[in-house]
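A short worksheet on the structure shown next.
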Amino acid sequence: MARPNTLGIDFGTSNSAAGVCAAGQPYLIPMEPGETTLPTAVFFDADSKKMRIGRSATRALIDGEDGRFMRALKSLLGTPLLHEKRRLSGKTMDFSDIITQFLREIKTRAEDVTRQEFTHALSGRPVRFHSKDDAKDAQAEVDLRKCYLAAGFQDVNFMYEPEAALRAAPPREGLGIIVDIGGGTSDFTCFEQNAQGDTTILASHGLRLGGTDFDRQLSIDHVMPLLGRGTHIRNSFGDGTLPAPNRLFTDLATWQMIPFMYGPDSRHAARDLAQNAVEPEKMGRLLEVLEDELGHDLAFAVERGKIAVNSAGSGDIDLRILERGLRVPLQTEAMKQSLQEMVQDIRDNAQETLNLAGIAPHQISRCIMVGGSALLAPVRNSLAQLCPQAKQEDNRALTAVSDGLAIAAHTAFD
């Protein structure tokens, strides 16, 4: 029986990629001119009625084109929100339809570049889509499988993302741990390799927490106060005030919830709050964000600020999209404080992975850091404290999962 043509697909919360194995080496297929990674973003153009993906979608948002932008769709898998209907580009569809179209476009672009048809897919998946709900976690894989089949693949297998990343790492004798922090999840695999490079997976573990959660917390702590979070609202029927409800600000700071914030209910609530606000100028900014659909612009500004601070030690979150010259200073210590609880969760789950493997932290000789958020200084420092004897490796941090899936795709259906 002939081996099926299988495409390795890293469908990520923030970025995606696809590849195949060529002469034993990973070949990541260009998804856009000169780019092997593709932002997991879509834009429904109000004029052309077409869906644009990747950098084209992001450019449409930045350029202020008329339409609807979405990101972090992977986080909706396993939840009822995945099947909420929306009117987009003249059609009624739900978010599973959008994911299906995105995966179909990846398949089409890969086939156009390689000039071969891919009938099967090997997809990465987090160890846990939902770390606190087994039913949701199982449903998420069911949902994603349905999307792959609807996208035109005959069959799909799944591989844990940190285990895929291990396929791409150079072998080295000893005990190690993969720390893979993606846009929506953090995953860990403890492993052992012998002198011949043979690998034994000792344990894999994960939780639903990633880079988009970092963005959300930084936005809540440093941006949303400028939009009225924490301000007080006068009682319409008497004296006294009450704090503005947190839900509006939390949802507006959450990537996957932003598209739900542009409905009439959210805008009506913001108008009522602005009329009775003790600080009306702040609530006015919130109303402007909702009416002009600037939520994703704010989220991108926070993400850029986070990256700048991690690189230079200080920076700011540029909010000129709201007001000329409006910026929020952000220092390393302030970012560390905002992310402290989440970084501790990551460390605790890395420790739990070692517990499941029966390995003490001081026995770990290498810590392979995977994913952009794994490169944040607070994360690296915390893992270095947990595994003090481990050398941190990050030379393939942004491609390890994609490379590993490309390598494994060749034999995924043997």
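Just a few scattered comments:
- Conditions (1) closer than 25 Å to GLN25 by Cβ; (2) part of a loop (DSSP other than H, G, I, E, B); (3) in contact (Cβ under 8 Å) with a residue 40 or more places away in the chain; number of the one not met by ASN395: (3)
- Residue check, GLN256 assigned to a helix (DSSP H, G or I), farther than 20 Å from LYS85 by Cα and either in contact with a Phe, Trp or Tyr (Cβ under 8 Å, 6 or more places away or on another chain) or polar (S, T, N, Q) (or both): no
- Some residue of region 224-237 being touching a residue at least 12 places away in the same chain (Cβ under 8 Å), part of a loop (DSSP other than H, G, I, E, B) and within 25 Å of PRO378 (Cα to Cα): no
- At least 1 residues being under 16 Å from the mean Cα position of the chain (by Cα), crowded, with 24+ Cβ neighbours inside 10 Å and at pLDDT below 95 is the threshold, and among the strands (runs of 3 or more DSSP E) wholly inside region 62-129 those reaching it are 67-71.
- Of all residues making up region 1-47, the number that are in a strand (DSSP E or B) and either open to solvent by 30 Å² or more (accessible area, probe 1.4 Å) or aromatic (Phe, Trp, Tyr) (or both): 10
- Condition check for ILE407: β-branched (Val, Ile, Thr), open to solvent by 10 Å² or more (accessible area, probe 1.4 Å), more than 23 Å from GLY313 (Cα to Cα) and outside any helix (DSSP H, G or I): no
- Of all the criteria given as (1) touching an Asp or Glu at 6+ places or on another chain (Cβ under 9 Å); (2) open to solvent by less than 10 Å² (accessible area, probe 1.4 Å); (3) among the hydroxyl-bearing types (Ser, Thr, Tyr), the one not satisfied by SER56 is (2).
- Condition met for GLU281 (at positive phi, surrounded by fewer than 20 Cβ atoms within 10 Å (Cβ to Cβ) and not hydroxyl-bearing (Ser, Thr, Tyr)): no
- Test: residue in region 184-192 that is assigned to a loop (DSSP other than H, G, I, E, B) and under 16 Å from the mean Cα position of the chain (by Cα): yes
- Of the residues MET224, MET257, the single one that is in contact with a helix residue (DSSP H, G or I) (Cβ under 6 Å, 6 or more places away or on another chain), open to solvent by 10 Å² or more (accessible area, probe 1.4 Å) and within 21 Å of ASP297 (Cα to Cα) is MET257.
- Taken over region 195-221, the criterion of being in contact (Cβ under 8 Å) with a residue 60 or more places away in the chain, in a strand (DSSP E or B) and open to solvent by 20 Å² or more (accessible area, probe 1.4 Å) is satisfied by LEU202, SER204, HIS205.
The values are calculated or read from the model by the stated rules, or taken from the named source; none is laboratory data. In this text, all values refer to a predicted model and were calculated from it rather than measured experimentally. Here the Cβ is made from the backbone with ideal geometry for all residues, glycine too, and neighbour counts use every protein chain on show. For accessibility, only protein heavy atoms count, side chains too; no ligands or nucleic acids. Shrake-Rupley method; radii C 1.70, N 1.55, O 1.52, S 1.80 Å.
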